[in-house]
Amino acid sequence: MGDEEAVQRWERRGQLPLIAASLLYLTAYTLTVLDRDASPAWREAWSRTMIVTWALFAADYLVRLALSRRRWTFVRGHWLDVIVLALPALRPLALIRYLYRRRPRNAAMSLEGEVMAYSGLTALLLGFVGALSVLRAERGARGATIESFGDAVWWVCVTLSTTGYGDVVPVTFHGRLVGVLLMSVGVGLIGAVVGVFSSWLVQSFRRRDAEDTGRGGGKP
């Protein structure tokens, strides 16, 4: 178990610096996509920022892999980290995990409320990153209908909700790949929120019926 303890110690020490690097990467990525009037010097600075922060993510993963003696087990148990290395804009999801771990033990929010809150935050972050990614892929492409950030946000909303109006659609390979990922994740997130909300409603009605029965003393 010594190797697992070493990995956990490394994760605890590097958690906040990596969260800061994640937010820095997301900021640089956002400016790269949205600020089209930036000077070449600024664009170069943002590109270098993205490269350096991604290198930090990769180094963190490799160090944890080296600290773990059962490396194949580590890889299987940390598959999400591999996805984040391929899609580093999703790294700020670690902030949501950090907030969950640091939440007060005596928080008034119920388990159902926590699930809905963290699922909602995850959906917002995925939607924002998805809008940036599809805009970067589609803008300027032949026959593209997603030419502004507003178009990208609208497309993300109808994609995550699996509505699919079809008024704006990606035409590039990378844009469609973002669409597939968003649809796959969207079904899970929306299903989780709806399922938890339904469970919360059922439990609330049961508690209310039990309280009414108790106050009535079994009277018909």
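The values are calculated or read from the model by the stated rules, or taken from the named source; none is laboratory data. It should be emphasised that the depicted structure is a prediction, and the values quoted were computed from it without experimental measurement. Ideal geometry is used to build each Cβ from the backbone, glycine not excepted, and the neighbour counts take in all protein chains shown. When the accessible area is computed, the model is the full protein with side chains, heavy atoms only, and any ligands, DNA or RNA have been set aside. Shrake-Rupley method; radii C 1.70, N 1.55, O 1.52, S 1.80 Å.
Scanning the range 175-200 for residues that are open to solvent by less than 70 Å² (accessible area, probe 1.4 Å), within 17 Å of the chain's Cα centre (by Cα) and either polar (S, T, N, Q) or within 22 Å of A86 (Cα to Cα) (or both) returns V178, G179, L182, V185, G186, G188, L189.
From the set of residues in the range 92-125 that are open to solvent by 60 Å² or more (accessible area, probe 1.4 Å) and more than 21 Å from the chain's Cα centre (by Cα), which is modelled with the highest pLDDT? Among them, the one singled out is P104. Any residue at all in the range 24-45 that is over 20 Å from the mean Cα position of the chain (by Cα), over 30 Å from D151 (Cα atoms) and modelled with pLDDT of 80 or more? Within the range 24-45 (the criterion being over 20 Å from the mean Cα position of the chain (by Cα), over 30 Å from D151 (Cα atoms) and modelled with pLDDT of 80 or more), the answer is no, since none of the residues qualifies. Tell me whether the range 152-174 contains one or more residues that are touching a residue at least 60 places away in the same chain (Cβ under 8 Å) and crowded, with 17+ Cβ neighbours inside 10 Å. Within the range 152-174, none of the residues are touching a residue at least 60 places away in the same chain (Cβ under 8 Å) and crowded, with 17+ Cβ neighbours inside 10 Å.
With a cut-off of at least 3 residues that are open to solvent by less than 50 Å² (accessible area, probe 1.4 Å) and out of contact with any Gly (no Cβ under 6 Å at 6 or more places or on another chain), name the helices (runs of 4 or more DSSP H) lying wholly within the range 1-91. Break it down into steps so the answer makes sense when it comes.
Details: elements: 2-34, 40-67, 71-77, 79-86.
In the range 1-91, the matching helices (runs of 4 or more DSSP H) lie at 2-34, 40-67, 79-86.
Take the conditions at pLDDT below 85, farther than 22 Å from D35 by Cβ and not hydroxyl-bearing (S, T, Y) and apply them to G218. Does it pass?
Against the criterion (at pLDDT below 85, farther than 22 Å from D35 by Cβ and not hydroxyl-bearing (S, T, Y)), G218 qualifies.
With respect to being at pLDDT below 85, over 26 Å from L177 (Cβ atoms) and more than 18 Å from the chain's Cα centre (by Cα), W72 fits the description.
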